[in-house]
Amino acid sequence: MLDLLIIGALGLLYAKAKCTVAAKQRWRASDAGQRQRTVRNECAFRVIGRLIGGCGLLIGAFTIVSPGLGVMWALVALRIVKPIKAEMREACSYRSTGAYDEPPYSW
């Protein structure tokens with residue numbers, strides 16, 4: 001189970017590195033629709049990363065011998081996964097002006 005989590009995390013890191021090589025130049029050269037799509041794609045990567053981190057903590061929580069540590073790790077996993085809804089709502093409500101000097105969206 002842990003090896004599948006590691007493979008998923010490495011795949012996410014590879015895809016993220018591949019997408020961010022020329023992100024600033026693509027941001028300047030894109031129109032408003034493409035910028036909104038870029039923000040949503042970045043949000044999707046953040047959600048996937050949060051889910052992988054939360055699942056890793058839950059796997060650790062179920063394999064830990066101490067119930068106290070297991071409960072702590074489960075609560076931390078919940079705190080990692082909980083802001084996903086607000087981040088997705090914020091990214092989907094983003095509207096770009098399409099101006100050349102518009103700063104890149106950041107969380």
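This table checks each residue for (1) of a type in the set (D, E, K, R); (2) part of a loop (DSSP other than H, G, I, E, B); (3) in contact (Cβ under 8 Å) with a residue 24 or more places away in the chain.
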site	(1), (2), (3)
Val65	no, yes, no
Gly68	no, no, no
Met72	no, no, no
Ile80	no, no, yes
Lys85	yes, no, no
Met88	no, no, yes
Ala91	no, no, yes
Ala99	no, yes, no
Pro104	no, yes, yes
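Just checking, which of Ala74, Ala44 is out of contact with any strand residue (DSSP E or B) (no Cβ under 6 Å at 6 or more places or on another chain) and within 18 Å of Leu2 (Cβ to Cβ)?
Working: Ala44 fails: within 18 Å of Leu2 (Cβ to Cβ).
Going through Ala74, Ala44 in turn, just one is out of contact with any strand residue (DSSP E or B) (no Cβ under 6 Å at 6 or more places or on another chain) and within 18 Å of Leu2 (Cβ to Cβ): Ala74.
Enumerate the pairs (first residue in the range 22-47 and within 12 Å of Pro104 (Cα to Cα); second residue anywhere and basic (Lys, Arg) and not in a helix (DSSP H, G or I)) with beta-carbon separation below 8 Å, excluding pairs fewer than 6 apart on the same chain, so at least 6 apart or on different chains.
Between residues of the range 22-47 that are within 12 Å of Pro104 (Cα to Cα) and residues that are basic (Lys, Arg) and not in a helix (DSSP H, G or I), the close pairs are Ala32/Arg95; Gln36/Arg95.
Only one of Ser106, Ser93, Ser30 is hydroxyl-bearing (Ser, Thr, Tyr) and in contact with a helix residue (DSSP H, G or I) (Cβ under 8 Å, 6 or more places away or on another chain); which?
Being hydroxyl-bearing (Ser, Thr, Tyr) and in contact with a helix residue (DSSP H, G or I) (Cβ under 8 Å, 6 or more places away or on another chain) holds for just one of Ser106, Ser93, Ser30, which is Ser30.
Is one or more of the residues making up the range 53-71 within 13 Å of the chain's Cα centre (by Cα) and among the aromatic types (Phe, Trp, Tyr)?
no
Quick note: the coordinates plus some simple rules give every number you see, no bench work behind them. Because the structure is predicted, anything quoted here is derived from the model rather than measured. Backbone-built Cβ (ideal geometry, glycine too); neighbour counts: all protein chains shown.
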